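J.: Take a look at the following structure, please.
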Amino acid sequence: MITIGAAAGKDTDMIMIIDDHPLFCEALQMTLTETLAVTRIHATSSLGQALEDLRSGMEPDAILLDLNLPDVAGLDGLMRLRNAVPGVPVVVVSSMADDRIVTAVLQAGAAGFVPKHSPREGFVAAIRQVMQGGTYTPESYAPPTGTDGSGEQAVVDKLATLTPQQGRILALVCEGYLNKQIAFELSISETTVKAHVTAILRKMGAQSRTQAVRIANSASFASILRDGGMS
């Protein structure tokens, strides 16, 4: 079980914050430092930089993620992050707090969701909960009923079947990488890449790379909210 800072006689826990709003990041860092005694906080403003930091060997104990970033929007960023560090709890922090979004990020593997307008106590409770192996949702959250497994949930379910390596490859495919470029990026053979792409297309129910990209990109805020907007 992960402990939290000096409050547990330990000062080595690390929290990664991925958010492109400087003032919010600063306030969140102050909350973590003053309330939870977290002494190691790494903040970055893009998913790409965060993934690069993780590939370089950074090992956070928990991650706070804003899904609407300059280089990604929607559930794809969360899926890519979870594939990069499958054992690290990710708490989504967003100004979009529709119950459908909360449900979608939890089903995509997030350990919690905190609306950005929450008081600092909400962030503290979320970090404590997920670092003890639990799941955090806001008090106002009411899981939608009557879902039929179609639409965005079907996409999330398909993405969840991908292995971490397949998730990385799909992310690169979505960025326009060719098989040869993916092989170089991941230090694997082009033949291995082709085999993974074939498996990805089968799991996604896609007939082509273009269709797979279209399906993956449908897991977005716009898709989740297309039937009614934010509450």
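Readers should treat all values here as calculations from the given coordinates under stated rules, not as data from a laboratory. Since this is a predicted model, take the numbers as computed values, not measurements. Neighbour counts run over all protein chains shown; Cβ positions are idealised from the backbone, glycine included.
J.: Given L23, L36, A108, which one lies farthest toward the positive end of the charge dipole of the range 5-131, if we put +1 on the Cβ of every Lys and Arg and -1 on the Cβ of every Asp and Glu?
T.: Going by the charge dipole, the pick is A108.
J.: Then there's this: Where nothing but the Cβ of Lys and Arg (+1) and of Asp and Glu (-1) is charged, how large is the charge dipole of the range 31-100 around its Cα centre, in debye to the nearest 20? Each step should come with its number before you reach the end.
T.: Details: 5 positive and 10 negative charges, 31 e Å.
Dipole magnitude for the range 31-100 comes out near 140 debye.
J.: So who's got an amide H within less than 5 Å of the one on S94, skipping anything under 5 residues away but keeping other chains? H placed 1.01 Å off N, in plane.
T.: It is V114, K116, by chain and number.
J.: Related question: Tabulate in residue order the Karplus-calculated ³J(HN,Hα) for the range 182-197, using 6.51 cos²θ - 1.76 cosθ + 1.60 with θ = phi - 60°, rounded to whole Hz; enter x for Gly and Pro.
T.: With the stated coefficients, the range 182-197 comes to 5, 4, 5, 4, 9, 6, 10, 6, 5, 4, 5, 4, 4, 5, 5, 4 Hz.
J.: Among V173, V85, which comes first, then next, by fewest other beta-carbon atoms within 10 Å?
T.: Going from sparsest to densest Cβ surroundings: V85, V173.
J.: Continuing with this model, one more query. Output the antiparallel fraction of DSSP beta bridges having both residues in the range 5-131, as a percent to the nearest 5.
T.: Working: 1 of 17 bridges.
Once the DSSP bridges in the range 5-131 are tallied, antiparallel ones form about 5 percent.
J.: As a footprinting exposure proxy, order H42, H196, H117 by other Cβ within 10 Å, with the fewest listed first. All intermediate terms of the calculation are to be shown ahead of the outcome.
T.: On the way: H42 15, H196 22, H117 9.
Listed from fewest to most nearby Cβ atoms, that is H117, H42, H196.
J.: Let me ask something else. Non-local amide H neighbours of A110 (under 5 Å, H modeled in plane, Pro and chain starts lacking H): which ones?
T.: Residues meeting the amide H criterion: none.
J.: Using 32 Å as the Cα-Cα cut-off, could you pick out the over-long pairs in K116/K194; K158/K180; K116/K158?
T.: Working: K116/K194 41 Å; K158/K180 25 Å; K116/K158 29 Å.
Listed pairs above 32 Å: K116/K194.
J.: Could you derive backbone 3J(HN,Hα) for the range 203-208 from the dihedral phi with the Karplus parameters 6.51, -1.76 and 1.60 (θ = phi - 60°), listing whole Hz in sequence and x where the residue is Gly or Pro?
T.: 5, 7, x, 10, 9, 8
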